[in-house]
Amino acid sequence: MGSPSAAGRERGGAAKGLAATSAGVGTVERSRKLVVCVPQDPRVLDSMLPYLTAYYGNPHSRTHAYGWESEAAMENARRQVADLIGADSREIIFTSGATESNNMAIKGVARFYKSRKKHIITTQTEHKCVLDSCRSLETEGFRVTYLPVKKNGLIDLKELEAAFQPDTSLVSVMTVNNEIGVKQPICDIGEICRARKVFFHTDAAQAIGKIPMDVNNMKIDLMSISGHKIYGPKGVGALYVRRRPRVRLEPLQSGGGQERGLRSGTVPTPLAVGLGAACEVAQQEMEYDHKRILQLAERLVTKIMSEVPDVVMNGDREHRYPGCINLSFAYVEGESLLMALKDVALSSGSACTSASLEPSYVLRAIGTDEDLAHSSIRFGIGRFTTEEEVDYTVQKCIQHVKRLREMSPLWEMVQDGIDLKSIKWTQH
Ligand SMILES: Cc1ncc(COP(=O)(O)O)c(C=O)c1O
């Protein structure tokens with residue numbers, strides 16, 4: 001695959017993209033430009049096309065050339081994924097995405113070692129699929145410690161150390177948080193776990209390809225990866241499973257024993273090839289992307305904060321991935337702001353929870369008060385986001401925050417110097 005090609009970038013640019021999650025304040029070409037979600041890199045699609053048309057063999061068929069071609073492509077993709085995280089190809093298991101990888105890692109390790117170990121440690125700000133996997137293990141008799149986070153969104157390593165029990169089998173802490181972008185101290189957590197011979201799993205869906213990750217330096221034993229968070233296809237991901245010291249898992253699915261017996265089912269060759277290509281492109285462009293994204297993020301935050309008072313940035317300012325920005329606009333109802341910015345793909349919480357009007361559990365965990373949590377918006381900046389898109393979003397955002405505040409009685413009271421906290425609201 002070529003180097004960070006201008007052609008690839010330009011073609012990617014055609015898809016446009018400020019998205020609301022990990023990769024871009026997305027605009028939609030139809031209405032204006034910024035496009036939602038992480039667009040697939042056109043170089044990824046190019047790599048997949050032959051396996052959607054000419055090479056359709058089952059990669060697990062050993063008896064004919066069609067199968068061998070697909071197998072070779074799948075193994076090449078496995079190597080590309082492994083190379084991005086400093087792993088051995090044999091440690092990469094293809095899955096349908098990070099949800100499956102997280103389920104597999106957490107339930108798989110817990111159940112395999114259950115005769116001796118019944119305790120797991122995770123955090124309160126993990127993705128739903130981690131939290132729900134843990135909750136379902138609790139119904140099977142496992143005990144789970146959900147570590148709180150500090151106001152900046154990071155865990156306290158002392159609290160982690162204190163949480164270990166003699167029968168702890170696994171610690172699961174995400175690398176980059178999908179709502180507030182904070183980066184947990186993964187190297188330190190890896191050290192702490194290794195010293196206690198407890199396996200360490202990290203959900204790196206929002207980190208892979210965006211910040212350097214090395215499973216050996218970071219002493220990670222299991223790592224979840226998602227295709228569509230790194231400009232790859234949806235419906236594919238991977239789980240890294242360490243071979244030495246060997247991690248054993250009870251598989252979730254029964255079947256043909258593919259993927260070293262850990263994940264039965266035919267590997268979808270085109271999707272695996274797409275994931276591999278996305279990893280290779282990410283490896284080549286990570287440094288460049290990171291620099292650009294950092295500049296755009298600073299542009300967005302600085303412009304908004306210099307024009308609009310009472311804006312709070314959620315999550316640690318230093319230990320973060322810059323492409324995921326979460327801002328609270330005091331005295332503005334987040335949903336109203338989102339509606340006003342319909343042509344920009346932003347969101348008020350994580351995609352899986354934003355359907356409900358409950359404030360985000362991540363914001364609650366960092367101690368954001370309810371009003372401010374309701375006024376929070378996530379901005380994502382990614383590989384294909386342009387300066388023009390950032391400026392458009394900033395301008396619209398400033399305009400609508402000002403408009404909504406002008407309509408807000410609370411804002412008016414604040415302008416009149418009234419301390420809202422001093423008010424005793426009458427109850428009926
Ligand atoms: C941190 C994190 N973990 C897991 C997932 C789930 O990934 P997938 O959609 O590949 O199942 C996501 C995606 O939203 C995520 O951001």
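Observations, loosely collected:
- Most fluctuating residue given options 227, 141, 382, as computed from a GNM of the chain linking Cα atoms under 10 Å: 141
- Directionally averaged projected area (convex hull, Cα atoms, segment 249-354), nm²: 10.8 nm²
- Potential extension, residue 422-residue 54 segment - 0.36 nm per residue separation minus Cα distance: 125.4 nm
- Integer Hz, Karplus 6.51/-1.76/1.60 couplings in order for segment 131-148, x for Gly and Pro: 4, 6, 5, 5, 4, 5, 5, 4, 5, 8, x, 7, 10, 10, 9, 9, 5, x
- A cut-off under 13 angstrom between Cβ atoms defines the neighbours of residue 375, and their net charge, with Lys, Arg +1 and Asp, Glu -1, is -4.
- Label zone at residue 371 (point 7 Å along Cα-to-Cβ), backbone N below 12 Å, segment 383-415: 409-415
- Sum of side-chain charges, residue 123 neighbourhood, beta-carbon under 12 Å (Lys, Arg +1; Asp, Glu -1): -3
- Anisotropy class of segment 123-188 from Cα gyration tensor, a/c 1.5 cut: oblate
- Of 158/219; 128/151; 151/229; 219/303; 128/424, those spanning more than 30 Å from alpha-carbon to alpha-carbon: 219/303; 128/424
- Helix 269-307 axis, angle to the chain major axis (alpha carbon atoms, nearest 10°): 20 degrees
- Each residue of segment 104-114 was assigned a 3J(HN,Hα) from its phi angle through the Karplus expression (A = 6.51, B = -1.76, C = 1.60, θ = phi - 60°), giving 4, 5, 6, 5, x, 5, 4, 6, 5, 9, 5 Hz with x at Gly and Pro.
- Most to least packed among 75-81, 59-65, 171-177 [average Cβ atoms within 10 Å]: 171-177, 75-81, 59-65
- Label-point separation, residue 319 to residue 62 (7 Å along Cα→Cβ), nm: 4.7 nm
- Cα-based helix-to-principal-axis angle, 42-52 vs the chain, degrees rounded to 10: 40 degrees
- For the chain, carbon and sulfur atoms together expose 52% of the accessible surface, with a 1.4 angstrom probe and every protein chain in place.
- Measure of compaction for segment 74-129 (Cα Rg per 2.2 N^0.38 Å): 1.38
- Global form of the chain, assessed from the alpha-carbon gyration tensor, a/c cut-off 1.5: oblate
- Area of residue 243 that stays accessible when all protein chains are in place (1.4 Å probe, Å², to 10): 70 Å²
- For residue 269, the accessible area of its heavy atoms, probed at 1.4 Å with every protein chain present, is near 10 square angstrom.
- Dividing the summed -39500 (n - 2.57) terms of all DSSP H runs of n ≥ 4 by the residue count of the chain sets its mean residue ellipticity at 222 nm at -12500 deg cm²/dmol.
- Neighbours of residue 405, meaning other residues whose beta-carbon lies under 12 angstrom from its beta-carbon, give a summed charge of -2 when Lys and Arg score +1 and Asp and Glu score -1.
- Accessible area (Å², per residue) of the chain, counting only protein heavy atoms and a probe of 1.4 Å: 43 Å²
- Compared with the dominant Cα axis of the chain, that is its longest principal axis, helix 186-195 is turned about 50°.
The values are calculated or read from the model by the stated rules, or taken from the named source; none is laboratory data. From a predicted model like this one, the values you see are computed outputs, not experimental measurements. Methodologically, a virtual Cβ is constructed for each residue, glycine included, from the backbone with ideal geometry; neighbour enumeration extends over all protein chains shown. Areas reflect the complete protein model, heavy atoms only, side chains present, ligands, DNA and RNA absent. Shrake-Rupley method; radii C 1.70, N 1.55, O 1.52, S 1.80 Å.
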